[in-house]
Amino acid sequence: MKRYAVCGFSVRAIAQYVVPLIGIPELPEYGDFSRYGKVVAALDIDTERIKIFNERQKTIIPAYRPEEFEKMIKETEPDALIVAGADFSHAQYTIAGLKHNLDVIVEKPMTITSKQAKQVIEAERKSKGKVIVAFNYRYVPAHKYMKKLILEGALGKITNIEFIYNLDTYHGASYFKRWNRNRKYSGGLSIHKSCHHFDLINWLINDIPDTVFAFGALNYYGPDSPFNPQKKSKKKLSKEEIKKKCPYHLRWEGETVPVPENIRLKVYKDAFYLPYKVQYPEQLYYYDEDIDIEDTYSVAVRYKSGASMTYSFNASTPWEGYILGINGTGGRIETIQISTSSDRCPFPKPERQTITYIPLFGTRQIHDIPVVVGGHGGSDHVIKHDIFVSPTEESKKLGLCAGSIEGAYSVAMGEAVWMSAKKGVPLKIDDLLK
Ligand SMILES: NC(=O)c1ccc[n+]([C@@H]2O[C@H](COP(=O)([O-])OP(=O)(O)OC[C@H]3O[C@@H](n4cnc5c(N)ncnc54)[C@H](O)[C@@H]3O)[C@@H](O)[C@H]2O)c1
């Protein structure tokens with residue numbers, strides 16, 4: 001049974017790793033991998049989160065602070081680290097784990113700068129440990145389906161990709177009330193969020209990014225937001241007054257939706273609702289002065305093979321998901337994924353995603369993608385199996401497990417996006433990663 005130490009006791013860490021390794025019968029959708037591994041330690045700037053979790057779950061996970069990393073390793077002798085705290089903390093724990101020859105499972109993004117990504121690759125080169133970057137997005141059934149079509153040669157030589165990804169006004173806005181809104185903590189959304197998208201395309205087309213050019217701006221959030229009630233008021237408004245006039249708040253939080261207080265909901269809240277006293281000593285809001293990242297990007301990418309991509313990102317749209325087209329000398333794949341939940345979607349949401357394949361000189365084929373239950377389109381469960389048990393035959397065939405090199409390319413692309421937008425020049429990925 002493998003022994004895991006968790007660095008960063010985040011919601012993601014709890015949902016994707018801690019709860020599955022404990023196995024909570026009332027939360028079956030998170031899986032039960034308790035036969036394969038055990039959480040032997042957890043480290044966080046806020047050890048109260050770990051202590052409260054232990055009290056509620058009757059677990060005895062020892063809690064450590066960041067400066068006690070070495071103590072934690074000595075006392076609890078883990079075989080592997082799970083690095084899943086705020087993004088800026090990933091590099092430090094990943095490198096520290098590799099120095100102890102431990103395997104490291106790191107949440108996306110692997111790091112928040114190319115410089116840190118190079119340091120991780122270098123640390124891995126000197127270590128007996130291996131890095132797995134938890135790119136669950138690859139595991140979404142529609143993405144595996146597209147990968148299979150591409151591997152079968154349906155597209156011939158890939159020529160260009162059209163990728164539009166939008167976050168809705170509920171989910172997109174949430175990043176501006178959390179640590180993600182500061183570049184020093186998240187690298188910005190072109191790293192924190194778009195690394196998923198860049199990795200997806202890099203993996204699907206099996207290519208290496210070469211050059212990135214981008215425009216970007218902060219259009220919806222921050223003090224200059226057109227929605228900021230403070231801009232229209234002569235007197236200084238309190239946070240509560242701002243909220244009452246804020247369209248995001250009025251749309252999503254204005255009315256209290258009655259939630260039935262059943263046993264399952266209590267179990268869910270007990271596991272995931274932990275206070276963040278250290279991370280958020282005070283409430284953050286969409287229009288705060290310190291927001292320093294972009295919410296909108298238009299990007300052009302050239303790949304080493306000569307293929308190119310246009311990528312568009314917006315963090316405040318009426319529905320969430322993507323529109324994707326991949327063209328090649330053999331034909332075209334196109335698909336729309338609507339990930340806004342049905343109750344938030346401003347139109348009737350299709351029940352399932354379809355992948356349309358049109359041979360260049362042939363008839364359109366529409367492939368229905370089966371609906372899989374579970375987090376992030378069913379991907380979360382499958383990646384857990386690959387991580388805690390072993391990669392399935394399908395995972396090996398499709399190359400689903402991502403390592404540090406892939407982690408680094410996705411970070412470098414995200415960094416190139418915001419830097420290109422700031423400087424107004426194209427950037428070479430090799431220059432960032434050399
Ligand atoms: N793969 C996915 O689909 C997916 C989904 C959600 C989140 N994530 C990733 O998981 C990670 C956590 O995200 P979240 O939204 O669950 O976070 P969160 O805000 O719930 O938790 C962050 C945690 O990190 C801790 N922390 C902050 N600084 C730290 C430091 N220096 N050392 C140790 N701990 C520190 C905080 O106290 C907090 O407990 C992020 O990297 C995010 O990108 C991935």
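Each stretch of four or more DSSP H residues adds -39500 (n - 2.57); spread over every residue of the chain, this sum gives -9000 deg cm²/dmol at 222 nm. Farthest toward the positive end of the dipole of the stretch 2-136, out of G8, Y36, Q57, is the Cα of Y36, where the dipole comes from beta carbon charges about the Cα centre. The distance between label points at K234 and D368 comes to 6.4 nm (points 7 Å beyond Cα on the Cα→Cβ vector).
Hey, got the dipole for the chain? About the Cα centre, +1 on K and R Cβ, -1 on D and E Cβ, debye to the nearest 20? Display every interim value, and only then the final one.
Numbers: 59 positive and 51 negative charges, 77 e Å.
Roughly 380 debye for the chain.
Annotation: the stretch 201-317 has a Kirkwood hydrodynamic radius of 18.4 angstrom, from the mean reciprocal C-alpha pair distance.
Using a Gaussian network model of the chain in which every pair of alpha carbons under 10 angstrom is joined by a spring, one finds that among P281, P25, P391 the greatest mean-square fluctuation is at P281.
Which whole number of Å³ per residue matches the convex hull of the alpha-carbon atoms in the stretch 2-136? Can you show the working numbers first?
Values: hull volume 13.2 nm³, N = 135.
Expressed per residue, the convex hull around the Cα atoms of the stretch 2-136 is 97 Å³.
Counting Lys and Arg as +1 and Asp and Glu as -1, each charge on the Cβ, what is the dipole of the stretch 177-226 about the Cα centre in debye, to the nearest 20?
Values: 6 positive and 4 negative charges, 94 e Å.
I would put it at about 440 debye.
Considering only L102, H381, T310, and ranking their Cα positions along the charge dipole of the chain that arises from unit charges at the beta-carbon of Lys, Arg, Asp and Glu, the one farthest toward the positive end is T310.
Rule-based calculations on the coordinates, nothing more; no lab input. Everything quoted here is computed from the prediction, not taken from an experiment. Virtual Cβ from ideal backbone geometry, glycine too; neighbours counted across all protein chains shown.
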